[in-house]
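Reviewing the structure listed below.
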Amino acid sequence: MTARPTACLVLADGTVFYGRGFGATGQTVAELCFNTAMTGYQEIMTDPSYAGQIVTFTFPHIGNTGVNIEDDETAEPVAAGMVVKWDPTEPSNWRAQQELTGWLAAKGRICIGGLDTRRLTRAIRQQGAPHVALAHDPEGKFDLEALVAAARGFAGLEGLDLAKDVTCAQSYKWDEKRWAWPEGYTKRDEPGFKVVAVDYGAKRNILRCLASAGCDVTVLPATATAEEVLAHQPDGVFLSNGPGDPAATGVYAVPMIQEVLKADLPVFGICLGHQMLALALGAKTVKMNHGHHGANHPVKDLETGKVEITSMNHGFTVDSQTLPAGVKETHVSLFDGSNCGIRVADKPVFSVQYHPEASPGPQDSYYLFERFAAAMQARKAETV
């Protein structure tokens, strides 16, 4: 006798996927995306850029390394839920402190296993990221009509400013550096470049990379004004990753960035920060069909010809056709040709769409943090 499904995923077009629920019980609505990374499921679930989204993992072995507090990218999981092929396994890793299913239940995240994730991924690629409702009931009782209505009622991410929901409540200092064997995480205690990091949903490993590159980091909320940023007398300004529609966040972020640019400081942006910088410079952003989510995305540096394998997580992109004069496209995706980097001619102002902090993902692009530090060093030398 076949066991009764304890969870279901319902798409707005009425398609229903049944499976086995784990994590928390109840139901949630969100946009559905897929991630192709083979490692780092905990980092992905705690990445603030996934606010308002349920993540389908194309790699089947989820849960086998457990979870541990060191790998959280923010204090709590931000992704609304998880979809996997096979039920999460018992952890087998020396760093594991807890099993994935118990952690997800404690954090209130609804999840489903036992689905044909290949079929689901094809649907996302062909139809675009759908709006869905995910329900988990141990008794297997589902009101499908209500779930379809809930999925159709989801407003979507376009026009939605989610940065304000995931940003820090107040400013704070950051001094933790990247993880390294055998010490683990260490603190920087030497003087460094004064960097203000504007938090649109910043991942901890980005802040660690800044610290490891020689930066004394002060993190400010997404709504910080130019006066508040410049009051710290920074050597450089960093614009972080984050979720939602960049045009919506840009209502308050773009004026701030435009004022900061007048101060002629080095500026470095990642992901949503890249999109914020592009908007501040006069470009536009557009919603992608299914976005880029994974740790195996090839990106070409147009200035050197070098190809980097990168980590990505974005559903919007900068329209390279709208880049104004004086702003150069520096990187493009080799998957679809979409924009992955810009810089301002003759100024130390640059940004990339992908995630050079590699959490999870390859470390090909760490040099960007060193480039930012070098730009601050050069500016200090000029002003001496």
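The values are calculated or read from the model by the stated rules, or taken from the named source; none is laboratory data. Bear in mind that the values here come from a model prediction, so they are computed numbers and not experimental data. All Cβ positions, glycine included, derive from the backbone under ideal geometry; neighbour counts span all protein chains shown. Just so you know, the surface numbers come from the protein's heavy atoms only, side chains and all, with ligands and any DNA or RNA stripped out. Shrake-Rupley method; radii C 1.70, N 1.55, O 1.52, S 1.80 Å.
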Checklist entry - Counting only protein heavy atoms, what percent of the accessible surface of the chain is carbon or sulfur at a 1.4 Å probe? => result 51 percent
Checklist outcome for this item: Relative contact order as a percentage, region 294-384, C-alpha pairs under 8 Å and 6+ apart, gives 27 percent
Next on the checklist: With the alpha-carbon atoms as the only input, what is the per residue convex hull volume for region 73-125 in Å³?
Outcome noted: 116 Å³
Checklist entry - Taking every eigenvalue of the Cα gyration tensor of the chain, multiplying by 5 and rooting it, what semi-axes result, largest first, whole Å? => result 36, 23, 18
Checklist entry - What does the highest-first list of 192-199, 23-30 look like by mean Cβ count within 10 Å? => result 192-199, 23-30
Item to check | region 12-99 pair-distance distribution - Cα-Cα, 10 Å bins, rounded % | outcome: 16, 50, 29, 4, 0
Item to check | the chain: relative contact order in percent, alpha carbon pairs under 8 Å with at least 6 residues between | outcome: 15 percent
Next on the checklist: I need the peptides 258-265, 52-59, 270-277 ranked by packing, meaning the mean over residues of other C-beta atoms within 10 angstrom, with the highest value on top.
Outcome noted: 270-277, 52-59, 258-265
Item to check | Per residue, in Å², the accessible surface of the chain once ligands and nucleic acids are set aside, probe 1.4 Å | outcome: 41 Å²
Checklist outcome for this item: Counting only residues 5 or more apart in sequence or on a different chain, those whose built amide H sits under 5 Å from that of ARG178 are SER212
Checklist entry - What whole-number value in cubic angstrom gives the convex hull volume per residue for the C-alpha atoms of region 85-240? => result 190 Å³
Checklist outcome for this item: The convex hull of the Cα atoms of region 105-188, divided by residue count, gives a volume in Å³ per residue of 238 Å³
Checklist entry - Counting only residues 5 or more places away or on other chains, whose amide H sits under 5 Å from the amide H of VAL332 once H atoms are built in the peptide plane? => result LYS300, LEU302, CYS340
Checklist entry - What length, rounded to one decimal in nm, is gained on full extension from GLU76 through to TYR18, with 0.36 nm per residue of separation minus their alpha-carbon distance? => result 18.2 nm
Checklist entry - Each residue of region 366-377 in order: what ³J(HN,Hα) in whole Hz does its phi give by Karplus 6.51 cos²θ - 1.76 cosθ + 1.60, θ = phi - 60°, with x for Gly and Pro? => result 4, 4, 5, 5, 5, 5, 4, 5, 5, 5, 5, 4
Next on the checklist: Taking amide H atoms as placed 1.01 Å from N in the peptide plane, list the residues 5 or more away in sequence, or in a different chain, whose amide H sits under 5 Å from that of THR285.
Outcome noted: ASP319
Next on the checklist: Taking the alpha-carbon distance from LYS300 and a cut-off under 22 Å, which lysines remain once sequence neighbours fewer than 8 residues away in the same chain are dropped?
Outcome noted: LYS284, LYS287, LYS328, LYS347
